[in-house]
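Chemist: Could you have a look at this structure, given as structure tokens, before my questions?
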Amino acid sequence: MVTLVTLGPAGTCHERATQAYMDFQGVHDFAIDFIEDFFDGLERIRGREGAFLIQCSAHPLVHKVTERYWDEIFVVDTFVYPTKALAVLSRREVARPKSLGLVPATAGYIDETRWEEIVDVVSKPIVARELLEGRYEAGLTHLEYAEQHPEQLRVEQEIGEIDTTWVVYGTRKRFRGDLIGIPSPELFGSGSDV
């Protein structure tokens, strides 16, 4: 069975993108192995054919993950798929939130100077859980949590789904000298001559 290693816990944008990717590939017999650290993910696929790591290209450590085992683990594919709908949510009982739970890869969506304290968090489902537990007063997470907990959370800023790229790593080198991609001449205003 194919194993796909990606950022967890269940409910992340990584899980959703991984499932959509495998559906697109027509592969239905696979298991998802969740991690909190992409370097741990590299260790889990290292030396294993049939094991892959999927990482959002917005993650701040993509270059280091790509470089760590450059002669053993390779970029074998990429794809475009949106995140889940994102939003800055706050606890209803707080009039003006001062602390924010934030996955560092999502910092570009907000003005960080608006917050007195920013707490780095591994994934957006953990942001939501810790926000509900009261660890901070607001968090950038999935909009769905406001819908699931309307009596506890309110929407401060709706961001929505963001189209992004995903990197697929594997242990069998795929690049052999010719560009790998999907022909898309319509992007550039011309039809295909092929």
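Chemist: Quick check: anything in region 46-67 without any contact (Cβ under 8 Å) to a residue 12 or more places away in the chain and over 21 Å from Ala105 (Cβ atoms)?
Modeler: no
Chemist: Would you confirm whether any residue within region 130-144 is over 24 Å from Leu61 (Cα atoms) and loosely packed, with under 12 Cβ neighbours inside 10 Å? Please lay out each step first, then the result.
Modeler: Within region 130-144, the first condition is being over 24 Å from Leu61 (Cα atoms), and the residues that meet it are 131-138, 143-144.
This time we only want the ones that are loosely packed, with under 12 Cβ neighbours inside 10 Å, so: 133-134.
The answer is yes; a qualifying residue exists.
Chemist: Any residue in region 179-194 that is within 15 Å of Thr78 (Cα to Cα) sitting within a Cβ distance under 8 Å of a residue that is open to solvent by 80 Å² or more (accessible area, probe 1.4 Å) and at pLDDT below 90? List the pairs, counting only those 6 or more apart or interchain.
Modeler: Taking only residues 6 or more apart or on different chains, the pairs are Pro183/Val194.
Chemist: Is one or more of the residues making up region 121-129 at pLDDT 95 or above and farther than 16 Å from Cys13 by Cβ?
Modeler: No, the conditions are met nowhere in region 121-129.
Chemist: OK, next. Being within 18 Å of Pro150 (Cβ to Cβ) and part of a helix (DSSP H, G or I) is the filter here; which residues of region 126-135 pass it? Spell out how you get there, then give the answer.
Modeler: Restricting attention to region 126-135, the residues satisfying the condition of being within 18 Å of Pro150 (Cβ to Cβ) are 127-129, 131-134.
Correct list: Val127, Ala128, Arg129, Leu131, Leu132, Glu133.
Chemist: Does Gln148 satisfy being over 16 Å from the mean Cα position of the chain (by Cα) and open to solvent by 80 Å² or more (accessible area, probe 1.4 Å)?
Modeler: Values: over 16 Å from the mean Cα position of the chain (by Cα): yes; open to solvent by 80 Å² or more (accessible area, probe 1.4 Å): yes.
For Gln148, the condition - over 16 Å from the mean Cα position of the chain (by Cα) and open to solvent by 80 Å² or more (accessible area, probe 1.4 Å) - is met.
Chemist: Quick check on this structure: which one of Asp33, Asp77 is touching a Lys or Arg at 6+ places or on another chain (Cβ under 9 Å), over 19 Å from Arg174 (Cβ atoms) and in contact (Cβ under 8 Å) with a residue 12 or more places away in the chain? Break it down stepwise before answering.
Modeler: Working: Asp77 fails: over 19 Å from Arg174 (Cβ atoms).
Exactly one residue qualifies, and that residue is Asp33.
Chemist: State whether the residues of region 180-189 include one that is among the hydrophobic types (A, V, I, L, M, F, W, C), open to solvent by 60 Å² or more (accessible area, probe 1.4 Å) and not in a loop (DSSP other than H, G, I, E, B).
Modeler: Taking region 180-189 as the starting set, the residues that turn out to be among the hydrophobic types (A, V, I, L, M, F, W, C) are 180, 182, 187-188.
The next check asks that each one be open to solvent by 60 Å² or more (accessible area, probe 1.4 Å); those that pass are 180, 182, 187-188.
With not in a loop (DSSP other than H, G, I, E, B) added as a condition, the list becomes 187-188.
Checked region 180-189: at least one residue is among the hydrophobic types (A, V, I, L, M, F, W, C), open to solvent by 60 Å² or more (accessible area, probe 1.4 Å) and not in a loop (DSSP other than H, G, I, E, B).
Chemist: Given the structure, is Glu130 farther than 23 Å from Thr18 by Cα, without any contact (Cβ under 8 Å) to a residue 24 or more places away in the chain and of a type outside the set (A, V, I, L, M)?
Modeler: Numbers: farther than 23 Å from Thr18 by Cα: yes; without any contact (Cβ under 8 Å) to a residue 24 or more places away in the chain: no; of a type outside the set (A, V, I, L, M): yes.
In short, no.
Chemist: Yes or no: region 160-174 includes at least one residue that is under 24 Å from Ala105 (Cβ atoms), of a type outside the set (Val, Ile, Thr) and open to solvent by 40 Å² or more (accessible area, probe 1.4 Å).
Modeler: Of the residues in region 160-174, the ones under 24 Å from Ala105 (Cβ atoms) are 160-170.
When the remaining residues are screened for being of a type outside the set (Val, Ile, Thr), the result is 160-161, 163, 166, 169-170.
This time we only want the ones that are open to solvent by 40 Å² or more (accessible area, probe 1.4 Å), so: 161, 163.
Scanning region 160-174, I find at least one residue that is under 24 Å from Ala105 (Cβ atoms), of a type outside the set (Val, Ile, Thr) and open to solvent by 40 Å² or more (accessible area, probe 1.4 Å), so the answer is yes.
The values are calculated or read from the model by the stated rules, or taken from the named source; none is laboratory data. These numbers come from a predicted model, not from an experiment. Ideal geometry is used to build each Cβ from the backbone, glycine not excepted, and the neighbour counts take in all protein chains shown. Heads up: the accessible areas ignore ligands, DNA and RNA and are worked out on the full protein's heavy atoms, side chains in. Shrake-Rupley method; radii C 1.70, N 1.55, O 1.52, S 1.80 Å.
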